[in-house]
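What follows is a set of notes on a single structure, which appears directly below.
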Amino acid sequence: MEREIEEEPQPTPLTALLRTQDLAGGKGGGLRISLLLTLIWVNARPPYATRRVAAYWAELLGREDPRGEGARAVRDALHELDDRGLIVLHSTGSSTEIILCNESQPVDGDRPRAYTPPYGQEPYIQVPRTFWTEGLAGRLTGAGVAMYLCALAMTRHDDPEFFISTRFFEEFFGISRSSRKRGLAELTEHGVLTVRVEETVSMSTFRRVKRNVYRIAKRYRQPEAWRPEEGGEASSSGPKAEKT
């Protein structure tokens with residue numbers, strides 16, 4: 001989800017999903033991100049693939065007219081994710097298999113890289129079930145979904161507050177100022193975030209400044225850290241995690 005350190009920064013994976021493939025702005029970014037999260041959520045165990053139809057995903061995402069226009073939008077988004085190498089679509093007759101790729105490194109040379117769970121391999125965040133059960137997946141725009149993921153990345157279940165340091169945020173996440181403002185306002189409107197104003201001293205100018213401090217509502221926070229049971233192996237009911 002974060003930007004890798006490069007001399008000429010490229011869009012982060014998150015901002016790339018928000019944009020069309022020619023790196024311009026455009027509609028559909030929110031659906032692409034939410035659909036990819038949903039595919040990982042549902043297929044996070046072997047064989048990391050499914051033959052569920054577009055209407056199923058449209059309904060799970062809370063799209064309007066899930067068997068009509070909603071399903072068509074999902075099919076378009078699936079083909080877009082396939083074009084970007086994040087999934088593989090394999091059609092046989094009237095059935096299409098959706099195969100997950102490793103979204104952190106989806107391509108190995110010119111071949112898709114198979115999905116592998118992140119546990120013990122790389123940092124990841126857990127997206128709570130309420131993203132789907134409370135309807136956020138269907139209601140939030142691309143800016144809202146992106147800022148929700150950023151908020152999760154900057155907080156923990158027991159430390160749910162964060163503030164925006166503009167330079168750090170833009171360098172680390174790559175979200176534009178306008179998208180950031182829209183996303184935060186949207187999350188506040190939907191009750192995902194609350195905001196308070198805090199007065200502090202700027203470490204660069206030593207002047208007193210005010211900043212917004214955001215707090216994620218309890219039901220929308222990352223789940224508590226999962227730990228294996230003492231004296232035994234990890235439970236099979238461990239967390240299902242979504243990398244971004």
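Show me the trypsin sites (Lys or Arg not before Pro) within the range 114-162 that DSSP assigns to loop and that have at most 13 other Cβ atoms within 10 Å of their Cβ.
The qualifying sites are R129.
For the range 65-128, run through the chymotrypsin sites (Phe, Trp or Tyr not before Pro) and keep only the ones in DSSP coil with at most 16 other Cβ atoms within 10 Å of their Cβ. Could the numbers behind the result be given before it?
On the way: sites: Y115, Y119, Y124; in loops: Y115, Y119, Y124.
Sparse-neighbourhood loop chymotrypsin sites (Phe, Trp or Tyr not before Pro): Y119.
Please compute the length gained on full extension between Q105 and R219, using 0.36 nm multiplied by the number of residues separating them and subtracting their Cα-Cα distance.
38.0 nm
What is the gain in length, in nm to one decimal, between R113 and K181 on full extension, counting 0.36 nm per residue of separation less the C-alpha to C-alpha distance?
The R113-K181 span can extend by a further 21.0 nm.
For the pair Y56 and D159, what calculated FRET efficiency results from E = 1/(1 + (r/R0)^6), where r is the Cβ-Cβ distance and R0 = 41 Å, to the nearest 0.05?
0.70
Please work out the FRET efficiency for the pair L89 and E122, using the Cβ-Cβ distance as r and a Förster radius of 35 Å; give the result to the nearest 0.05. Please list the in-between numbers first.
Details: r = 26 Å, r/R0 = 0.73.
Between L89 and E122 the formula returns 0.85.
Sticking with the crude label model, points 7 Å out along Cα→Cβ, report the distance from R167 to R208 in nm, one decimal please.
Label-label distance for R167 and R208, simple model: 2.4 nm.
With all protein chains present and a 1.4 Å probe, how do M147, M203, M154 order by accessible area, largest first?
M203, M154, M147
Would you work out which of P160, A143, H90 lies farthest towards the positive end of the dipole of the range 63-202, given +1 charges on the beta-carbon of Lys and Arg and -1 on that of Asp and Glu, about the Cα centre?
The residue sitting farthest along the positive end of the dipole is A143.
Jot down the per residue volume, in cubic angstrom and as a whole number, of the convex hull over the alpha-carbon atoms of the range 129-192.
For the range 129-192, the hull spanned by Cα atoms encloses 84 Å³ per residue.
Please find the FRET efficiency linking V195 to A16, where r is the Cβ-Cβ separation and R0 is fixed at 30 Å, and quote it to the nearest 0.05. Walk me through the numbers before you get to the answer.
Values: r = 28 Å, r/R0 = 0.94.
Approximately 0.60, to the nearest 0.05.
In the calculated pair distance distribution of the range 51-183, what percentage of Cα-Cα distances lie above 26 Å?
It works out to 36 percent of all Cα pairs.
The values are calculated or read from the model by the stated rules, or taken from the named source; none is laboratory data. Just so it is clear, the structure is predicted and the values come from calculations on it, not from any experiment. Methodologically, a virtual Cβ is constructed for each residue, glycine included, from the backbone with ideal geometry; neighbour enumeration extends over all protein chains shown. SASA here: full protein model, heavy atoms, side chains in, ligands and nucleic acids out. Shrake-Rupley method; radii C 1.70, N 1.55, O 1.52, S 1.80 Å.
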